[in-house]
Every structure is written in C-alpha cells, then in structure tokens.
Amino acid sequence: MRKAIVSSLIAIFVSLNIAAQTPQELADAWDSTHITNKEPSDVRHADLKAYLEKLRSQGVRVEEVGRSNAQREIYQMEFGSGPIKIFLWSQMHGDEPTATSALIDIFSFFSTHKDTPWVKTIAEKLTIRAVPMLNPDGAELYTRRNLQGIDINRDALALATPEARLLKQLRDRWQPHIGFNLHNQQALTAVDHTAKQAAISFLVVYGDARKTETNGMIMNKRIVSEMIKAIEPFIPGHIARYGDEWTPTAFGDNFSAWGTPVILIETGALVGKSELYLAKINFIAMMTAFSSVATASQASASTQPYDTLPHNGSGTLVNYIFRGMQLPPNDGRRPAAFDVAVTAARRRASFLPWLRIARVGNLNGLHGLEEYDASGFYVVQRFRNLKVGSTAEFLFYRTDRVVDWDAEDLETRYEPDAIFSAGKWIKGEGRIAKVLF
Ligand SMILES: [Zn+2]
C-alpha cells in the first residue's frame, strides 16, 4: 500500500516535471532560440514581415487577416489545436512594440519544439492565436495613433478604424476564452512611490464600471499570479499593477464585457537593461501563462501575488538628476546650489535620445535613474538657456576656474571640465561623481 502511494507520488512528480518548465529554463530557452535580433522599437513592418517569413519556414501557421489604412498587412499566427482558445494582440499603439517581438519568439519556439512534452501539452489543450503589430501604420511612424490620428484603443465601440473593426471581428468570430492585451507604459512609471521602475505591470481587466468579479476574472488573477512568480526573480521589485479605471471605449474593457476576460500586460523599462531583455521577460511570463492553463495548474493557484501587487506610481522618477551645482557668478552674486532633473522622450532605440530639462530647483524627494553630484561645479546650458523645456546639454566648470562667462566662444576659449550631451558624457566622464544607490 505504502509502496503504491510512493510510486503514485513519484508518478505525479514525474508528470509535474514534464509539464512544469522552470522560469530559468524558459529564460535559457529564449536565450538559445530567439529569432528577433533588433531592439523591438526598431522593428518596422518590413522587419515584422521578415520575422514572419522565418516563422513560416519553421512551419508556423501565419495568415494575413486584414489591412491598415495604408494597406499594410495585418497578420495572425496560430499554434495548437486544443479546446481552450487564447487570443493575444500587440502594438495597437504603434510606439509600444516590446510584446510584438516576444510573440514572434514564442511562436518560433513552439514550432521548433513541438515534441518537447510541455509544448505538446500546450498544443493539445490550447489553441493560441496572436496578432503581432495590430497598428502597422503607427508602428512605421512610431506614434501611438493610427494613420487617421485615432487611438485604436478608444475605438472599440465607434469602430471608425479598420484596425479596430478587424480586432473586434477576430474576437467575435472566434469567441476566445482568454485575451491578452499587450502594451508598453512610460519608462518612468514607478512601483508605487518608490524609486523603482515598473518594468512590467499587470491588470486583470474588469468588464463593467461596477467592477464585477466574474469567474473569468478570478481565473485570470490566478494566471497573472503564476506569471508574477515566474518573472519576479528576474526583475525583483519591478512588477506593479496597472490602474483599473473602467474605460468605456477601450478594447480590454470591452473584450471582458463581450465575454473574453482580458489580461493587460504593460511593459515599462529597466535602467541598464535592453528592450530585448524585457521581450524575454514577456516570453517567460506568457509561456508560464499558457502552461498554467494547459496543465490546469492555475486552477489551484493563489491570487495573492496579484492581490498584493503594489500599484503603478508616477511623478517620482526622472531619467537624470544633477545635484548641487551653481550658476556661474553674475554681478558678484553667487547663487545657491540647485538641482536639475532631465527626462528622455520615447524614441526608437537606434535614434539619438532627446533629453529635456524637466525641473530646476531643490529636487529632494525626486529620484533619478542616474544621479550625479555636481557640487563644486558651475553649469552652463550649451545654448545659454537653462530652463524647463530646454535641451539637456550641459557644460561643467570647476568653481575654482577663472572664466570670462560673457565670452561669445566660451566653450572653445574655456574648455569645460565635463560635457553632458544627448545622454552621454562626451568629455570628462567620471569628473562629476555618479551617485551609487
Ligand atoms: Zn498602449
């Protein structure tokens, strides 16, 4: 009897091992198999088509399902033949690209690892459909909106855009059981009011303004909880919950209302990590979700990791802070020390960043992703325009230097000790001490 129990326990263990790939194994799988080779923000429609060609050559089912305003093809990929239908779409906002690359790598992995037991289980239990880059015109221009200037995610009811009509049609005809709405949030979104960036935020999306808790939502909370546990070791403390305000014209809210409860994933940024790294985190999270549904392990999972997630915060983070410098002496008056905060606009990875001065003054309480102690230095904005909104181009001079501050050719006549330009130290790196946290 005892032997029987032990051997059946072993059998359970073996089957768990077959089904349950660890997050680290998923990370290794992405490292060794990912076919995306550009930073997601540099992926244009032509690059997507090249990725999809590669997927087709690997045997992935890819079909054109519609066209954008500019007649760019919109595609849907499919994997598996199981009864549980999961639908994902990415980049309905053109400048929110990370998950598009993650989806490509997921389908590539599925297709090239069909015989791996846990992939087999997914193929047997689930049918997964995904639309990568729903807004190819916006992706081409790197704008949120489509070519008509409409935010597709506010067009779920009016259906004034071809992209929104397509998305609704794909849902209505197929009636998926779970939806994944894949976006990017601002790089400076924080976890609560901490100095930590929210690299990934989740939301289990309500289907009504009264925030009714449906069975589908409870299931999704369990699934998200499994995703949180899987990615937490890679980005500890950098996961948050997205705001749950009901938006009557948004797709996530309406998918949930129409009967496809939605999980929203918003990828942010993480200083020192590439966009592709966060695509890998998306890969780990989504693979974990598929697996937990396919093995039904989500059914017994706790919702606590989701329920206790800190919320998204804003207003506490900037990209750079330079603290404690002074303006050059003027009329014999020596102004007090002050701080400057600098923020970066959302740009493609291959573009030069555009940095602007966000705040000037005493900035205690504000956190920079990078901070410098510039005490002992005078600062001159390169175009003599040190005010909020100006480009963050700074010349630093030690305060013991003798300089004619009115010189027209200041920068050539009096070589600065350090120059910060376009987010880099182009001279004197290290002379202004970086603050280590
Ligand atoms: Zn978005």
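Listed values, structure above:
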read-out: Helices (runs of 4 or more DSSP H) completely within the stretch 79-167 that count 3 or more residues being closer than 30 Å to residue 248 by Cβ; value: 98-112, 136-141
read-out: Filter result for residue 195 (of a type in the set (A, V, I, L, M) and out of contact with any Phe, Trp or Tyr (no Cβ under 9 Å at 6 or more places or on another chain)); value: no
read-out: Members of the stretch 129-182 that are buried (at least 20 other Cβ atoms within 10 Å of the Cβ), within 16 Å of the ligand (Cβ to nearest atom) and either of a type in the set (Gly, Ala, Ser) or without any contact (Cβ under 8 Å) to a residue 40 or more places away in the chain (or both); value: 138, 139, 156, 164, 179
read-out: Qualifying residue in the stretch 266-277 (condition: farther than 18 Å from residue 225 by Cβ, in a helix (DSSP H, G or I), touching a strand residue (DSSP E or B) at 6+ places or on another chain (Cβ under 9 Å) and within 16 Å of the ligand (Cβ to nearest atom)); value: yes
read-out: Residue match in the stretch 233-253 (condition: part of a helix (DSSP H, G or I) and surrounded by fewer than 23 Cβ atoms within 10 Å (Cβ to Cβ)); value: no
read-out: Single residue of the stretch 60-106 satisfying the filter (more than 25 Å from residue 292 (Cα to Cα) and among the hydroxyl-bearing types (Ser, Thr, Tyr)) that is nearest to the ligand (Cβ to nearest atom); value: 68
read-out: Cβ pairs under 6 Å, 6+ apart, first in the stretch 86-103 and without any contact (Cβ under 8 Å) to a residue 60 or more places away in the chain and farther than 13 Å from residue 264 by Cα, second of a type outside the set (S, T, N, Q) and in a helix (DSSP H, G or I); value: 94/138; 94/139
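For every residue, the table says whether it meets (1) of a type outside the set (A, V, I, L, M); (2) farther than 30 Å from residue 192 by Cβ; (3) not assigned by TED's automatic domain parsing to the domain that holds residue 335.
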| site | (1), (2), (3) |
| --- | --- |
| 364 | yes, no, no |
| 369 | no, no, no |
| 377 | yes, yes, no |
| 394 | yes, yes, no |
| 403 | no, yes, no |
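The values are calculated or read from the model by the stated rules, or taken from the named source; none is laboratory data. Small disclaimer: the values here were computed from a predicted structure and weren't measured. Virtual Cβ from ideal backbone geometry, glycine too; neighbours counted across all protein chains shown.
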